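Reading through the C-alpha cells given below for one structure.
Computed from the coordinates by the stated procedures, all read-outs in this text should not be read as laboratory data. Keep in mind that what you see is a predicted model, and the values were worked out from it rather than measured. Backbone-built Cβ (ideal geometry, glycine too); neighbour counts: all protein chains shown.
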Ligand SMILES: Nc1ncnc2c1ncn2[C@@H]1O[C@H](COP(=O)(O)OP(=O)(O)OP(=O)(O)O)[C@@H](O)[C@H]1O
Ligand SMILES: [Mg+2]
C-alpha cells in the first residue's frame, strides 16, 4: 500500500486537509475583482490552497491564470512567463493562439510551435536588451483585454511573488501598480514566502505596491482538522493511532502542513499493519527525522554566532510565543541585553532561519526547532 502522507509538491484533492474557511475566503476575493496578498512561511500550503481555489471556479464564468515567478530573474522573463500563461489558458488551438498572442502581445513578437505531444506552445522574440517599458505595460494590460473579450472574470495569481525583489530595480513593481489600478473584472492574488520581504513590499510607504492589496496571512492547520485526516489514513491501513497521539504529533510540528505530513509519513511507514502508534514510536520517528537532517543542522548551527544560538534556544524551548527582547528572556538565555537579542533576530531573519509571527518569531524549520530542543 502506498504511503498516504505526501510532502513536497502541491497536494491535490485526495490529500488536501481542511482549509474550508480559507478556500471560501479566497474564492470570495477571486470573484470580487479584488487584489489580495497571501503570505505565509515556506511550505505552509500556499500553492496547494490557491490551485484548489482556482479549480473550484466555474469555467463558464471565470478564467483562472496561474503564473509561477520562481524561474524568473528580471522584467523580460516576467513579461514572457506572464504572456505565455495568459495565452495558454485562453486558447488550445495553435492558429487561434497565435492570433490572440499577436493581438495581446504583438510587441513581444510571438510565435507558436508544437511540442512532441502535438500541443501548441507560444514563444516570444524579446530578450533582455530589447524589452521596453511599453512592452511590459502591454503584457500587464492583457488580463483586462481578456476580461473584455471573453466576458469572464479573469483571476491572475502570481506565485512566488517575492521573486520580483531579485530583479535589480522596481520597474515591474511600478508597472504592476499603475497597470492594475483601473482593471475591472480582474482579480489579482499575490502569493509569497519570505514573509518579511513580502510584508515590506506591501507595507513600506516608499514602495510602489504600498497598500495596493488586502492582506491574507495563511497559518498552520488546526489540530482538530488534522485529527480525522490523520486517523482515517492510519485506519485504512489497519494501523491504530489515537487522539492523544495525534495531538502530540501536531504539537511537535506546530500543525505546519509540510512537517506534519513528513512526520506522519515516517510514522506510518514504521508502524506495522495491525500495530498501534504509541509515545515511543512518535519519539522514534522524530529521532529518525532529526538523524537524517543532523548533518545540515550541525553545519548551520556552527555557522551561527553565540547570541544567534542563544536566541534560537530560547525560541525553541518556549511553549507560548516568547518575548525575546524582554529582560526575563535575555537573562534566561544568556543574551544579556535586548539589543543583543535584537541584533541576533535581525541576522536570523535575513538568513531565513526565523520569521516574524505576531509580535514574536518562529523557527521556520519545525524539525530544526526539535533538534535545538534536544540539544539542551
Ligand atoms: N491542505 C493541506 N493538506 C495537507 N497537506 C498539505 C496541505 N497544504 C500543504 N500541505 C503539505 O505541505 C506541503 C507544501 O505545500 P505547498 O507546496 O502547497 O506549500 P507552499 O506554501 O506553496 O510551499 P513553497 O513555500 O515551497 O512554495 C505539501 O507537499 C503537503 O505535504
Ligand atoms: Mg508554493
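Using a cutoff of 8 angstrom between alpha carbon atoms and counting only pairs six or more residues apart, the relative contact order for the chain works out to 18 percent. Annotation: the antiparallel percentage among DSSP beta bridges lying fully within region 19-217 is about 20.
Quick one: grab the alpha carbon gyration tensor of region 304-376, order the square roots of its eigenvalues as a ≥ b ≥ c, and give me rounded if a/c is under 1.5, else prolate or oblate depending on whether a/b is larger than b/c. The shape class here is rounded. If both residues of a DSSP beta bridge must be in the chain, then about 30% of such bridges are antiparallel.
Computed from Cα positions, the angle between helix 366-375 and the longest principal axis of the chain comes to roughly 20 degrees. Dividing the summed helix terms, -39500 (n - 2.57) for each DSSP H run of n ≥ 4, by the number of residues in the chain produces a 222 nm estimate of -16000 deg cm²/dmol to the nearest 500. Protection proxy ranking of 75-85, 266-276, 357-367, by the mean of other Cβ atoms within 10 Å over each peptide's residues and highest first, is 75-85, 357-367, 266-276. Computed from Cα positions, the angle between helix 243-253 and the longest principal axis of the chain comes to roughly 70 degrees. Taking the three principal axes of the alpha carbon atoms in region 19-217, the coordinate ranges are 42, 38, 33 Å, sorted in descending order. The peptide list 11-17, 308-314, put in order of mean Cβ contacts within 10 Å with the highest first, becomes 308-314, 11-17. Relative to the dominant Cα principal axis of the chain, helix 279-303 is inclined by about 70°. On the principal axes of its alpha carbon atoms, the chain extends 64, 54, 36 Å, with the longest extent given first. Please find, in a Gaussian network model of the chain (springs between Cα atoms separated by less than 10 Å), the residue of 320, 111, 32 whose mean-square fluctuation is greatest. Taking springs between Cα atoms under 10 Å, the residue moving most is 320. Does region 143-262 come out rounded, prolate or oblate, given a ≥ b ≥ c as the square roots of the eigenvalues of its C-alpha gyration tensor, rounded meaning a/c under 1.5 and, failing that, prolate meaning a/b above b/c? Because a/c hits 1.5 or more and a/b exceeds b/c, region 143-262 counts as prolate.
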